[in-house]
Amino acid sequence: MHFAPLPYLDPGSGSFLIQLLIAAALGMGIALRASWSRIKGWFGSKPKADEDDDDTIK
Amino acid sequence: MTTQLNNHGQLSASFRDPSGFLFSVNGVLYRQVNRKYENEYVRLMESGLYEKLVKAGVLIPHSEADEAAAESDVSYKVIQPERVPFISYPYEWSFGQLKEAALTTLSIQKRALKLGMSLKDASAYNIQFVRGKATLIDTLSFEIYKEGQPWVAYRQFCQHFLAPLALMALKDVRLNQLLRVYIDGVPLDLASELLPWNTRFNFGLLTHIHLHAGAQKKYAGEEVKSRGGSMSLQAMTGLIESLVSTIKKLEWKPGGTEWGNYYDITNYSDAAFEHKKKLVGEWTKRLQPNLAWDLGANNGVFSRVVSESGTPVISFDIDPTAVEQNYRQVKTEKNERLLPLLLDLTNPSPSIGWANRERDSFGERGPADLALALAVIHHLAISNNVPLPQLADFFAETARWLVIEFVPKSDSQVKKLLASREDIFPTYTREGFEAAFRDRFEIHEAVDVNESERTLYLMEVL
């Protein structure tokens, strides 16, 4: 454990790598969701609109 | 406003950005866009992203200005952003305000990605509350998105928003004060250590904070490029969605209840309360100030009297519960003229950052045209032991006009304060108060509040 930032060690590398890992897993989730809503679409259910396409945010 | 300038006339909060910087000429604020940033600026304006974000009220509007550039050799354009009436900082925001700022940042990132851009910063300091809404004020925060690149602002987002929100919601709401110490956000190893152990069962917090902190430690100093790896747009969208849902699930309820009522525990009669409201309303209408500060505003009852008479008001209080309630009420009323903020008057926000010049102190953001100090003098003079002449000095530096309530020792609230301490305040009388304040102010009105022992004053600084 260290209590002061170590001067030459950049926490950026870890942030970069963990981000790739998390994003890869979550991106797969999104792909699955997209295919699932396409399958649901065949049976007539409408996909939900993305709230960020609205011009107002709460 | 005495916003700090460095030797080159640039505003010192924006010195880090190679894309451009803020500068001020005759009190008008400009932003120089450097040639280095030309492509990004053109893309922002021509892709429709600027228009979309401004229309949604989440990006500060600007106009292109004819003003000569401050550093013409590198300048591409000079723009004039709309001026923000009062700059506030994340350590002055309630839980709900920080959450709104976080969700607005993510929403901007989602919209940007759809139009081929991405936020290169996710600093909480780039967000300000304008017309009651969290708004991005740094027009130069966007870069052109190249598929495969990760989100460069991911770490900053976690430190500035996710970590403090999780700590506030799941540990203690006062931990937002860590932002006053750590100007680039709460270090993730610290957040990971402070958060309750069971937050590891929350997928979002497990990954974005605990594993993130672990990865930072494990890979510190390693060259990442050699490891390759890229991130599809779909993966990036997944990352942003995950941050959105993690933050949306974080909740903090003020005082455990939705609307605790503060004024139930005061000694005010309805008549006294209404009389005070009437006086504050009349005096504000008479003065027509550009901006008022309500110091010790509680949940903002008197701030609302000021805002209803047309004056924008900053509603400061020390209590995170009161500020959160005030903020929620602002949202319900869609009040565009009232900004609740967290402030300890006995230890107001200092100037912080590089050379103590990046973020202005409370005092440097004043003086206000009008300050209200209702039912606070006894807390400052008796609980905090500040002599009356020093209180007069403080208020004289804080505002041009002052509405201040004197609460005498015979008042039941003051009796409560004195019950637990020795009375070492012989000059704390109406006469002593007036004598001390006359040194710095001209007293225009002194009205005894109906059905109370208190007096309300209207004063102008000498």
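The values are calculated or read from the model by the stated rules, or taken from the named source; none is laboratory data. Bear in mind that the values here come from a model prediction, so they are computed numbers and not experimental data. Cβ atoms come from the backbone with ideal geometry, glycine included; neighbour counts cover every protein chain shown. The area values use the complete protein model at the heavy-atom level, side chains included, leaving out ligands, DNA and RNA. Shrake-Rupley method; radii C 1.70, N 1.55, O 1.52, S 1.80 Å.
A few remarks follow.
- Mean residue ellipticity, 222 nm, helices only, chain B: the sum of -39500 (n - 2.57) across DSSP H runs of n ≥ 4, divided by residue count and rounded to 500, is -9500 deg cm²/dmol.
- Separation of alpha-carbon centers, the range B:184-254 and the range B:400-462, rounded to whole Å: 51
- Size of charge dipole - chain B - debye, nearest 20, with Cβ of Lys, Arg +1 and Asp, Glu -1, no other charges: 1580
- Residue mean of other protein chain beta carbons inside 10 Å, B:235-244: 6
- Rounded to whole Å, the principal axis extents of the Cα atoms in the range B:57-178 read 50, 39, 25, largest first.
- Average accessible area per residue (Å²) across chain B - probe 1.4 Å, nucleic acids and ligands excluded: 42
- Among the listed pairs B:K114/B:K334; B:K171/B:K334; A:K40/B:K120; B:K278/B:K409; B:K133/B:K253; A:K40/B:K110, a Cα-Cα separation exceeding 27 Å is found for B:K114/B:K334; B:K171/B:K334; A:K40/B:K120.
- Only one residue of B:F157, B:L140, B:L175 has its Cα farthest out toward the positive end of the dipole of the range B:136-180, where Lys and Arg carry +1 and Asp and Glu -1 on Cβ, and that residue is B:L175.
- Low-density loop positions, trypsin sites (Lys or Arg not before Pro), the range B:53-98 - DSSP coil, at most 15 other Cβ in 10 Å: B:R83
- If you take the alpha carbon atoms of the range B:317-462 and fit the smallest convex hull around them, that volume is 153 Å³ per residue.
- Helix axis angle, B:320-333 relative to chain B longest principal axis, alpha carbon, degrees: 80
- The Cα atoms of the range B:121-252 give a gyration tensor whose axes a ≥ b ≥ c have a/c of 1.5 or more with a/b no greater than b/c, which makes the shape oblate.
- Across the range B:203-215, rounded Karplus estimates of 3J(HN,Hα) from the backbone phi angles (6.51 cos²θ - 1.76 cosθ + 1.60, θ = phi - 60°) give 3, x, 6, 4, 7, 6, 10, 5, 5, 4, 4, x, 5 Hz, Gly and Pro being marked x.
- Extension gain for the segment B:H444 to B:E431, taken as residue separation times 0.36 nm less the Cα-Cα distance, is 3.1 nm to one decimal.
- Accessible surface buried at the A:B interface totals approximately 3000 Å², computed with a 1.4 Å probe on protein heavy atoms.
- Dipole of the protein assembly as shown [Lys/Arg +1, Asp/Glu -1 at C-beta], most positive-end residue of A:P11, B:L22, B:A56: A:P11
- Chain B: angle of helix B:388-398 to the longest principal axis, Cα-based, in degrees nearest 10: 40
- Put simply, the amide H of B:W293, placed in the peptide plane, has neighbours under 5 Å in B:I314, B:L370, B:A371, B:L372, leaving out anything fewer than 5 places away on its chain.
- Computed from the C-beta positions of B:V54 and B:K146, the FRET efficiency with R₀ = 22 Å rounds to 0.30.
- Under the convention that each Lys and Arg Cβ holds +1 and each Asp and Glu Cβ holds -1, the size of the dipole of the range B:314-450 around its Cα centre is about 300 debye.
- Computed over protein heavy atoms with a 1.4 Å probe, the carbon and sulfur contribution to the accessible area of the protein assembly as shown reaches 53%.
- Debye, to nearest 20: dipole size of the range B:21-140, +1 on Lys, Arg Cβ, -1 on Asp, Glu Cβ: 560
- At R0 = 25 Å, FRET efficiency that the Cβ-Cβ distance of B:S63 and B:K331 yields, to 0.05: 0.30
- Averaged over peptide B:207-218, the number of partner chain Cβ atoms lying within 10 Å of each residue's Cβ comes to 5.
- Axis angle, to the nearest 10 degrees, between helix B:95-114 and the longest C-alpha principal axis of chain B: 30 degrees.
- B:K416 paired with B:T346, simple spin-label distance in nm, labels 7 Å along Cα-to-beta-carbon: 1.6
- Prolate/oblate/rounded label for the protein assembly as shown (Cα gyration tensor, a/c 1.5): prolate
- With a 10 Å cut-off around each Cβ of B:46-56, the average count of Cβ atoms from other chains is 1.
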